[in-house]
Structure formats: C-alpha cells, structure tokens
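Asks: Dropping a structure here in structure tokens format, bear with me for questions.
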Ligand SMILES: [Zn+2]
C-alpha cells in the first residue's frame with residue numbers, strides 16, 4: 001500500500017513540475033514590437049519581413065512608406081554606434097516620429113559586415 005502512495009506522489013510531483021515548466025515557457029513566449037518596443041504575447045504579434053509588430057503597428061507598417069534615415073556599421077569595436085541609433089529611435093518615437101531598426105548584411109573583402117538601418121516613416125506631406 002505504501003508503495004502505491006509513493007508511486008502516486010511521484011506521478012503528482014512530476015505532473016506539477018511539468019505544469020510549472022509549461023507556465024515558464026508561456027511567460028517566455030513574448031515578442032517585442034519593433035516600432036513601439038512594447039512587449040506583447042507572441043500570439044498577438046504579427047511577423048512580416050522577419051520583423052515583429054503589434055497589431056496597431058503592423059497596419060501602420062503595411063500602409064506607410066519607409067525610408068532609411070540613418071545607418072551604422074555594427075563592426076567589432078563600433079558597438080556604441082548601434083546603441084546611439086537605438087536610443088535615437090526610442091526618443092524619436094516618444095516625439096511621434098515612428099521608425100524601426102533592421103539589420104542587413106553585406107560582404108566586403110571576404111568579411112560579412114552587419115549594417116543597422118534606421119527606417120523612418122515618410123510623412124504624408126513629403
Ligand atoms: Zn507596436
């Protein structure tokens with residue numbers, strides 16, 4: 001009889017562990033919108049052109065014209081430039097200028113160079 005209780009306890013513990021593992025996985029499946037940098041549940045985030053958008057900004061992305069306002073090379077030793085660009089994007093967003101960052105790759109002299117492009121929304125008056 002004791003053996004049965006132990007077996008049930010082990011199964012129960014295993015069940016509880018797998019439940020909490022599921023919860024952890026659910027919490028971690030969040031995505032960040034590239035425009036507003038808010039965190040959204042992965043099920044509500046829309047992926048397009050390997051970028052993720054919240055519902056609101058996905059519509060904006062599809063219905064707007066974007067241009068590269070600024071670029072920087074992400075070469076080793078030049079990490080600061082991408083941080084500066086990221087901060088600029090954040091502060092521009094707060095002031096109503098929407099944009100997103102996207103990295104692109106090109107080969108030069110056998111080396112892969114990563115470029116971070118800052119896209120901005122073209123205003124309708126331009
Ligand atoms: Zn958004």
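No value in this document is a laboratory result; all are computed from the given coordinates. Just so you know, these numbers come straight off a predicted model, no measurement behind them. Because the Cβ atoms are built from the backbone with ideal geometry, glycine has one as well, and the counts that use them run over all protein chains shown.
Asks: Calculate the spin-label point distance for residue 68 paired with residue 104, positioning each point 7 Å from the Cα along the beta-carbon direction, and give it in nanometres.
Replies: 0.3
Asks: Can you tell me the length gained on complete extension of the stretch residue 114 to residue 97, counting 0.36 nm per residue apart and subtracting the Cα distance?
Replies: Numbers: separation 17, 0.36 × 17 = 6.12 nm, distance 2.47 nm.
Roughly 3.7 nm would be gained on extension.
Asks: Determine, from the Cβ-Cβ distance of residue 44 and residue 4 and an R0 of 35 Å, the FRET efficiency 1/(1 + (r/R0)^6), rounded to the nearest 0.05. Please report the intermediate quantities before stating the final value.
Replies: On the way: r = 45 Å, r/R0 = 1.30.
Computed FRET efficiency for residue 44 and residue 4 comes out at 0.15.
Asks: Computed FRET efficiency, Cβ-Cβ of residue 56 and residue 78, R0 30 Å: what is it to the nearest 0.05?
Replies: On the way: r = 33 Å, r/R0 = 1.11.
Step by step, r from the Cβ atoms, then E = 0.35.
Asks: Let a ≥ b ≥ c be the square roots of the eigenvalues of the Cα gyration tensor of segment 66-126; is it rounded (a/c under 1.5), or, if not, prolate (a/b larger than b/c) or oblate?
Replies: Values: a/c = 4.08, a/b = 1.76, b/c = 2.32.
In terms of gyration-tensor shape, oblate.
Asks: Let me ask you something else. Mind giving me the nanometre distance, one decimal, between the label points for residue 11 and residue 29, set 7 Å out from Cα along Cα→Cβ?
Replies: 2.7
Asks: Still on this structure, I have one more. Based on the alpha-carbon gyration tensor of the chain and its eigenvalue square roots a ≥ b ≥ c, which shape applies: rounded if a/c is under 1.5, prolate if not and a/b is larger than b/c, or oblate? Walk me through the intermediate numbers first.
Replies: Details: a/c = 3.59, a/b = 2.13, b/c = 1.68.
Prolate shape, in that a/c is at least 1.5 and a/b is the bigger ratio.
Asks: Quick one: compute the contact order of segment 66-126, relative version, from alpha carbon pairs under 8 angstrom and 6+ residues apart, as a percent.
Replies: Relative contact order comes out at 45 percent.
Asks: Compute the Cα gyration tensor for segment 41-83, then decide on rounded, prolate or oblate, letting a ≥ b ≥ c be the square roots of its eigenvalues: rounded whenever a/c is under 1.5, prolate when a/b is larger than b/c in the other cases, and oblate in all that remain.
Replies: Details: a/c = 3.55, a/b = 1.79, b/c = 1.98.
It is oblate, given that a/c is not under 1.5 and a/b is not larger than b/c.
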